[in-house]
Amino acid sequence: MKEIILVPLDGSKVGEAALPYVEELVSKFLPEPKVEVTLMQVMSSLSHYVVAGEASARIHYTEQEIKQMEKAAASYLRKAGKTLKEKGARMKTKVAVGNAAEEIIKAADGINADFIAMSSHGRSGLSRWAFGSVTDRVVRGGNRPVLVVKSPKDS
C-alpha cells in the first residue's frame, strides 16, 4: 500500500503551515506503507504592471523570465521538502501555471492523491471576499479529502 499526498505551497511561511503535520504523518506511516509526497506551486500570473506616473501598462513576462520563475519555484519546493525526504518520504515536485485551485485539483486527480494537505491563510470578511480562498475552492471543487491547517496568526 502507498499513501500519496499533495501539498500545495505558495512560497510563504503561512503557506507552509501544513508541512509539520505532513512530516508527522509521514513519520507515523513509515516504514510501511510507502509515502509519496508531491509538493506543488502554482504560478498564477504571467504578467506584471509597469507604472509611470498615472499611467500603467500590463507587461507579459518573457519565456526566459517564466523559465527562471519555474526554476526558482522548483528550487523552493526541493528545499521545503528536505525534512520530508529525510524522514523517508519519496519526494516529487510540480510547478504549474494557471488558476491555483483548478491546478491543485487537477494535480491531485493526476497523481491519484489520497489527500491534499494545505494551509488556510485564515482570512475572513472583506479580505476573504476580495482575495478569495484557494483552500475553500479546493475543498468545495475537488473530490479528494483535504487536510486544512489554519496558519498561526503571527505568521
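The values are calculated or read from the model by the stated rules, or taken from the named source; none is laboratory data. Only a predicted model underlies this, so the values are computations on that prediction, with no experimental measurement involved. Every residue, glycine as well, gets a Cβ built from its backbone with ideal geometry; the counts of neighbours run over all protein chains shown.
In this structure, does L126 turn out to be surrounded by fewer than 12 Cβ atoms within 10 Å (Cβ to Cβ), assigned to a helix (DSSP H, G or I), at pLDDT below 95 and of a type in the set (A, V, I, L, M, F, W, C)? Explain how you work it out, then say what you get.
Numbers: surrounded by fewer than 12 Cβ atoms within 10 Å (Cβ to Cβ): yes; assigned to a helix (DSSP H, G or I): yes; at pLDDT below 95: yes; of a type in the set (A, V, I, L, M, F, W, C): yes.
Spelling it out, L126 is indeed surrounded by fewer than 12 Cβ atoms within 10 Å (Cβ to Cβ), assigned to a helix (DSSP H, G or I), at pLDDT below 95 and of a type in the set (A, V, I, L, M, F, W, C).
Taking the numbered list (1) over 17 Å from L77 (Cβ atoms); (2) out of contact with any Lys or Arg (no Cβ under 8 Å at 6 or more places or on another chain); (3) modelled with pLDDT under 85 in turn, S44 passes all entries but (1). Among residues of the range 89-112 being of a type in the set (A, V, I, L, M, F, W, C) and touching a residue at least 60 places away in the same chain (Cβ under 8 Å), the one that is surrounded by the fewest Cβ atoms within 10 Å (Cβ to Cβ) is I111.
Does E3 meet the test of being over 23 Å from S151 (Cβ atoms) and touching a helix residue (DSSP H, G or I) at 6+ places or on another chain (Cβ under 6 Å)? Spell out how you get there, then give the answer.
Details: over 23 Å from S151 (Cβ atoms): yes; touching a helix residue (DSSP H, G or I) at 6+ places or on another chain (Cβ under 6 Å): yes.
Against the criterion (over 23 Å from S151 (Cβ atoms) and touching a helix residue (DSSP H, G or I) at 6+ places or on another chain (Cβ under 6 Å)), E3 qualifies.
Looking only at the range 129-153, residues that are more than 15 Å from V22 (Cβ to Cβ), under 13 Å from the mean Cα position of the chain (by Cα) and at pLDDT 90 or above come to 1 in all.
If you take the residues in the range 104-123 that are modelled with pLDDT under 95 and assigned to a strand (DSSP E or B), which one is farthest from L25 (Cα to Cα)? Applying the filter and picking the extreme gives S120. Remark: pairs (first residue in the range 8-23, under 21 Å from I105 (Cβ atoms) and touching a residue at least 24 places away in the same chain (Cβ under 8 Å); second residue surrounded by fewer than 22 Cβ atoms within 10 Å (Cβ to Cβ) and among the basic types (K, R); Cβ separation under 9 Å; 6+ apart in sequence or on different chains) = A17/K150.
Answer with yes or no whether R58 is farther than 22 Å from V14 by Cβ and either surrounded by 13 or more Cβ atoms within 10 Å (Cβ to Cβ) or modelled with pLDDT of 95 or more (or both). When the stated conditions are applied, R58 does not pass them.
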